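Have a look at the structure below, then the notes.
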Amino acid sequence: MDHAADVPDVFDPRIYAAGVPHERYRLLRDRHPVAWQPEPEIAPWPAGPGFWAVTRHADVVRVLRDHGTYSSWLGATQIRDPDPADLPFLRRTMLNQDPPEHGRLRRLVARAFTPARVDAFAGRVRERARTLLAAARDAAEDGAADLVGTVTDEYALLNLTDLLGVPPADRALLLEWTVRVIGYQDPDDAPAPLLGPDGTPLNPRSPALLGEMFAYARALAAHKRDHPGDDVMTALATAGLDPAELEMFFFLLTVAGNDTVRSAAPGGLLALAHAPDEHRRLAEGKATAQSAVEELLRVHPPVLSFRRTATVDHELAGQPVRAGDKVVVFHASANHDERVFADPGRLDLGRTPNPHVSFGDGPHVCLGAHFARLQLRTLYEEWCAAMPPPELAGPPKRLVSNFINGITRLPLRVSGPPG
């Protein structure tokens, strides 16, 4: 399939190291809302067949809601095609399923992940935010600290492991597994990829590389059956799941549950550092923490893209899409669509309505969104109460990824009066 000369590349993960390519997204929305993107080889990862990039809000919502036309099951949900041998394995997780099978699993985990169970952790989440922010301030060198290394990574991880019921001694394992799976495109954020027999890198989501995590999930579930607690893993261990389903739920909750807040929290602080007047509105109570969270999620969605596979020949925004084609939605582009959001490049903590798609839409809307919002709201409230206005103390460093909107280093001023 031909690639028009004026269609900007939004596939190459290295582009995102410099920031979300909003100008490229704008050009696509205006001129090529459904645009063919080649997948060239990016060493050590091999070339792929290409895909349709969907960048307008209305089209993104259509793709995410219409599971009959746009399947998560056919080719899973990452841009890169999985090894065909791995596909049956990847289809065990509800992320890579379509209704009605997806609904059965989602209902099971939803019963474990209830708002009441999440809200019961609110006090612990607030105390953790206070403790981590105070420790960052106390340990600061020259009044500055890397908020990713001192606050947000630990905050996201420890809150999640509390909710899951993971023993404190095992918590570092979850971060190690998350980094391996999420940061695989970034040479600075993940170890060198393991190679298969043919010399190509193994997908970090393949069964060959998840055995350790799965063995841990089985052992933890067995422990919870003998020593139940009021936590998500106890609920899952007693929900009647088969071992494979339990393993994949643990994988999904560990990686997605951790990285949603791990990406969104520093992204929100960075956005506030770039908009001091908006931070002042929040600190003075002129914008609510609840509306601030939604706007900060709009401008910094944790996930950049998700893939579907077309089930039938059809037309999308004037483009003929064939059955089997990859169709990839770009959340950050949809969140900046001028057709939906007035002055989308401006941070407005009181923006309403705010129909962002940072947690997706349709049957796969993020199951942990309530927990993520609780953590983000609490962190921003505690920052305003105890910390100075966010101010960069050096350049941030972004994750090299076309999937996760990650920040791996965020130096901010942490000394000074709150406000």
*Would you please name the residue that is farthest from residue 234 (Cα to Cα), looking only at residues in the stretch 114-144 that are aliphatic (A, V, I, L, M) and over 24 Å from the mean Cα position of the chain (by Cα)?*
144
*From (1) outside any strand (DSSP E or B); (2) within 23 Å of residue 30 (Cβ to Cβ); (3) under 22 Å from the mean Cα position of the chain (by Cα), pick out the condition that doesn't hold for residue 329.*
(1)
*If you go through the stretch 3-22 one residue at a time, do you hit one that is touching a His at 6+ places or on another chain (Cβ under 8 Å), open to solvent by 10 Å² or more (accessible area, probe 1.4 Å) and within 16 Å of residue 324 (Cα to Cα)?*
no
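Being open to solvent by 70 Å² or more (accessible area, probe 1.4 Å) and either polar (S, T, N, Q) or over 25 Å from residue 213 (Cβ atoms) (or both), is that true of even one residue in the stretch 159-174? Give the derivation first.
To start, the set of residues in the stretch 159-174 that are open to solvent by 70 Å² or more (accessible area, probe 1.4 Å) comprises 168-169, 172.
Add one more test, that the residue is either polar (S, T, N, Q) or over 25 Å from residue 213 (Cβ atoms) (or both), and what stays is none.
For the stretch 159-174, residues open to solvent by 70 Å² or more (accessible area, probe 1.4 Å) and either polar (S, T, N, Q) or over 25 Å from residue 213 (Cβ atoms) (or both): absent.
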*How many residues does the stretch 98-134 contain that are touching an Asp or Glu at 6+ places or on another chain (Cβ under 9 Å), surrounded by fewer than 18 Cβ atoms within 10 Å (Cβ to Cβ) and hydrophobic (A, V, I, L, M, F, W, C)?*
1
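Between 69, 93, which is more than 22 Å from the chain's Cα centre (by Cα), among the hydroxyl-bearing types (Ser, Thr, Tyr) and over 23 Å from residue 354 (Cα atoms)? Give the derivation first.
Working: 93 fails: more than 22 Å from the chain's Cα centre (by Cα).
Among 69, 93, only 69 is more than 22 Å from the chain's Cα centre (by Cα), among the hydroxyl-bearing types (Ser, Thr, Tyr) and over 23 Å from residue 354 (Cα atoms).
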*Does residue 87 qualify as being in contact with a Gly (Cβ under 8 Å, 6 or more places away or on another chain), open to solvent by less than 70 Å² (accessible area, probe 1.4 Å) and at pLDDT 95 or above?*
no
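Return the total of residues in the stretch 332-344 being assigned to a loop (DSSP other than H, G, I, E, B) and touching a helix residue (DSSP H, G or I) at 6+ places or on another chain (Cβ under 7 Å). Spell out the reasoning first.
Kept after step one, since they are assigned to a loop (DSSP other than H, G, I, E, B), are these residues of the stretch 332-344: 335-344.
After this cut, where a residue has to be touching a helix residue (DSSP H, G or I) at 6+ places or on another chain (Cβ under 7 Å) as well, the list is 335-337, 339-340.
Total satisfying the criteria: 5.
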*How many residues are closer than 26 Å to residue 392 by Cβ, among the hydrophobic types (A, V, I, L, M, F, W, C) and either at pLDDT below 95 or in contact with a Gly (Cβ under 7 Å, 6 or more places away or on another chain) (or both) when one looks only at the stretch 262-319?*
3
*Before we move on, is residue 315 open to solvent by 10 Å² or more (accessible area, probe 1.4 Å), assigned to a strand (DSSP E or B) and acidic (Asp, Glu)?*
yes
*Of all residues in the stretch 256-301, which are in a helix (DSSP H, G or I), touching a residue at least 60 places away in the same chain (Cβ under 8 Å), of a type in the set (A, V, I, L, M, F, W, C) and open to solvent by 10 Å² or more (accessible area, probe 1.4 Å)?*
256, 270, 271, 273, 282, 283, 289
*When the stretch 53-63 is examined, which residues are found to be touching an Asp or Glu at 6+ places or on another chain (Cβ under 7 Å) and either open to solvent by less than 10 Å² (accessible area, probe 1.4 Å) or among the basic types (Lys, Arg) (or both)?*
56
*Could you say whether any residue in the stretch 370-383 is part of a loop (DSSP other than H, G, I, E, B) and in contact (Cβ under 8 Å) with a residue 40 or more places away in the chain?*
no
_Single residue of the stretch 207-255 satisfying the filter (crowded, with 18+ Cβ neighbours inside 10 Å and of a type in the set (D, E, K, R)) that is farthest from residue 364 (Cα to Cα)_ = 224
_Here is a check on your reading of the model: is residue 320 under 24 Å from residue 361 (Cα atoms) and either of a type in the set (Asp, Glu) or in a helix (DSSP H, G or I) (or both)?_
no
*Within the stretch 341-369, which residues are within 21 Å of residue 255 (Cα to Cα) and either touching a Cys at 6+ places or on another chain (Cβ under 7 Å) or of a type in the set (Ser, Thr, Tyr) (or both)?*
358, 359, 360
*Can you tell me which residues in the stretch 82-112 are more than 30 Å from residue 340 (Cα to Cα) and free of Cβ contacts under 8 Å to residues at least 60 places away in the same chain?*
84, 85, 87, 88, 91, 100, 101, 104, 107
*When residues of the stretch 12-50 are filtered for being over 23 Å from residue 406 (Cα atoms), assigned to a strand (DSSP E or B) and of a type in the set (A, V, I, L, M, F, W, C), how many remain?*
3
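The values are calculated or read from the model by the stated rules, or taken from the named source; none is laboratory data. From a predicted model like this one, the values you see are computed outputs, not experimental measurements. So basically every Cβ, Gly included, is an ideal-geometry build from the backbone, and we count neighbours across all protein chains shown. Areas reflect the complete protein model, heavy atoms only, side chains present, ligands, DNA and RNA absent. Shrake-Rupley method; radii C 1.70, N 1.55, O 1.52, S 1.80 Å.
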